[in-house]
Amino acid sequence: MDLHDHGLASDLEMMRQQAFERRQVLRWLLAGAATLPLMSCGGGTAASGGVTGTSGGAGSVTIPTAGACTVIPEETGGPYPADGTNTNGGSIINVLNQSGVVRSDIRASFNGATGVAAGVPLTINLQLLNASGGCASLAGYAVYLWHCDRDGLYSLYSSGVTAQNYLRGVQETDSAGKLAFTTIFPGCYAGRMPHVHFEVYPSLAKAASAVNRIKTSQFTFPMATLNEVYTASGYTASVRNLAQISYATDNVFADGTSLQMATVTGNATDGYVVTLTVAVNG
């Protein structure tokens with residue numbers, strides 16, 4: 001019989017049982033050998049955050065780290081969502097029902113607006129997982145994502161860019177629950193750590209109305225990356241603003257960033273790629 005025909009949950013349970021039995025055997029052996037050094041059988045968390053391991057046999061048993069599928073915190077959408085939930089200048093601001101909002105490259109404005117946001121290139125890779133369904137990939141879901149430009153301004157709201165709608169877009173997840181956006185690295189404006197907003201929807205069709213969103217959250221970037229990227233041209237104000245804020249004093253990230261800290265590769269010259277796994281109750 002194929003031992004792996006019951007899916008991921010069954011495999012993980014079997015590996016946990018094997019790890020438990022291995023630890024029990026070691027305890028029995030050590031019980032009668034008080035003069036021997038005490039052995040540690042518990043696996044520590046790997047630096048990469050990927051797996052923990054137990055040693056002492058022909059190979060090792062790996063299990064997901066605790067919290068690997070913890071639901072990402074619910075956060076405020078802030079004052080600039082442009083999802084139809086607020087107004088600016090007396091008018092409801094909503095890009096979700098505009099032609100062209102479903103796109104992967106969000107650097108340019110769309111639907112008649114012509115502005116293009118300048119800045120260090122950034123690729124955002126997200127993967128959606130179902131925390132209430134064995135951490136399975138969420139295919140066919142949608143994410144609406146938005147953030148400020150390198151000057152800390154939000155299109156459709158901030159003075160000087162109210163006629164633009166750049167740095168906003170919607171994408172549908174593929175069969176692995178993944179999607180990607182091409183954008184620019186957001187600046188740091190006064191009072192907030194640099195961040196990206198997003199809303200999760202159960203389908204692309206339902207992403208046309210904010211009433212259907214199932215999660216609103218934000219993510220941020222490592223301090224080392226921020227210090228590096230803000231040496232690039234156009235981010236002078238971000239250097240000053242970043243020096244006056246921290247994760248600990250930020251009104252969103254003060255309670256922790258473990259589930260909202262993106263993994264980053266790249267550099268300020270060639271651009272960056274950030275990756276984040278987002279668990280929701282699908």
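The table below lists the values:
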{"quantity": "Along each principal axis, Cα extent of the stretch 165-226, largest first, Å", "calculated": "36, 25, 21"}
{"quantity": "Calculated SAXS-style log₁₀ I(q)/I(0) at q = 0.22, 0.29 Å⁻¹ - the stretch 135-177, Debye, Cα scatterers", "calculated": "-0.69, -0.93"}
{"quantity": "Listed residue (TYR201, GLN218, THR277) projecting farthest to the positive dipole end of the stretch 177-282, Cβ model", "calculated": "TYR201"}
{"quantity": "Share of carbon and sulfur in the accessible heavy-atom surface of the stretch 101-199 [1.4 Å probe, %]", "calculated": "47 percent"}
{"quantity": "Size-normalised alpha-carbon gyration radius of the stretch 206-282, reference 2.2 N^0.38 Å", "calculated": "1.32"}
{"quantity": "Rounded accessible area per residue of the stretch 142-282, 1.4 Å, Å²", "calculated": "38 Å²"}
{"quantity": "Potential lengthening between THR76 and ILE92 on full extension [0.36 nm per residue; Cα-Cα distance subtracted]", "calculated": "3.9 nm"}
{"quantity": "Accessible-area ranking of ILE92, ILE106, largest first, probe 1.4 Å", "calculated": "ILE92, ILE106"}
{"quantity": "Cα pair count fraction exceeding 22 Å, expressed as % - the stretch 96-228", "calculated": "37 percent"}
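The values are calculated or read from the model by the stated rules, or taken from the named source; none is laboratory data. On a predicted model such as this, the values are computed, not experimentally measured, just so you know. Using ideal geometry, Cβ is built from the backbone for each residue, glycine included, and neighbour counts are taken over all protein chains shown. Surface accessibility is based on the protein's heavy atoms, side chains included, excluding ligands, DNA and RNA. Shrake-Rupley method; radii C 1.70, N 1.55, O 1.52, S 1.80 Å.
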